[in-house]
1. Tell me which chymotrypsin sites (Phe, Trp or Tyr not before Pro) from segment 37-133 have a DSSP coil assignment and no more than 12 other beta carbons within 10 Å of their own.
2. Accessible area per residue of segment 102-161 at 1.4 Å probe, in Å²?
3. Among A112, L128, V50, which residue has its Cα positioned farthest towards the positive end of the charge dipole of segment 31-148, with +1 placed on the Cβ of Lys and Arg, -1 on the Cβ of Asp and Glu, and the dipole taken about the Cα centre?
4. Gain in length, V148 to K127, computed as 0.36 nm per residue apart minus the alpha-carbon separation, to one decimal in nm?
5. How many nm separate the modelled label positions at L23 and V45, each set 7 Å beyond the Cα in the direction of the Cβ?
6. Spin-label point model (7 Å from Cα, Cβ direction): what's the I34 to Y111 distance in nm?
7. Cα gyration tensor of segment 42-114, axes a ≥ b ≥ c as square roots of the eigenvalues: rounded (a/c below 1.5), prolate (a/b > b/c) or oblate?
8. Taking loop as defined by DSSP and a crowding limit of 15 other beta carbons within 10 Å, which trypsin sites (Lys or Arg not before Pro) in segment 32-135 fit?
Amino acid sequence: MADQTTEQPQEAAPHPTALVFLLVFKSLAMVYYILCGWLPLNFVVNFCIVVFLLMCDFWTVKNVSGRLMVGLRWWNEVSERGGNEWKFESLQEGQRGVNTFDSRMFWLVLYATPVVWVLLGIIAFLKLNVDYLLLVVIAVLLSGANLVGYFKCSKAAQNQLKGLRSELFAQGLKAYFRGS
């Protein structure tokens, strides 16, 4: 789990609303998916409800929870040539620190979600429930996209921080030798 945490004495969860929504949409999608077999609704209605909850989860994690809880944000743009470009934002050195509890919860939930969906997919496959297996594929793709995006964003933030440290060190050495 590559993240930028500070070891400052901070409150347990400075962004409880972001944490709640991080957990609520994931939980609702999983619980509703599990209950689909017992609900008297047809497959199309169940499919639409689960996909809607997955989309809400994807958007919330990508645009709100990541920014508030770990200070990271990512997006993907299509270039004029038709290729994809990943864009990353992270907190700059000196901006607010990232709370350790928030960071741990964010990364734990981010890594655990695709694993749980894969386990649900294995169950659907073993039950030969192919139509609901499609929902699992969508869930794994959306949660996996967030995981990959934030993992890359975290690496980019670390590289940016290393570059900044190197630059500051070089400037310090130059200033030292000029002053001597």
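The values are calculated or read from the model by the stated rules, or taken from the named source; none is laboratory data. Given the structure is predicted, the values throughout are model-derived calculations rather than measurements. Heads up, the Cβs are rebuilt from the backbone with ideal geometry, glycines too, and the neighbour counts pull from every protein chain shown. Side chains are part of the model used for accessible areas, which takes the heavy atoms of the whole protein and leaves out ligands, DNA and RNA. Shrake-Rupley method; radii C 1.70, N 1.55, O 1.52, S 1.80 Å.
1. Those that pass, being in a loop and sparsely packed, are W38.
2. That works out to 50 Å² for each residue.
3. The residue sitting farthest along the positive end of the dipole is A112.
4. Values: separation 21, 0.36 × 21 = 7.56 nm, distance 2.95 nm.
That pair, V148 and K127, stretches by 4.6 nm at full extension.
5. Calculated label separation equals 3.0 nm.
6. Going by the 7 Å Cα→Cβ label model, 2.2 nm.
7. Note, shape of segment 42-114 comes out oblate.
8. The qualifying sites are R81, R96, K127.
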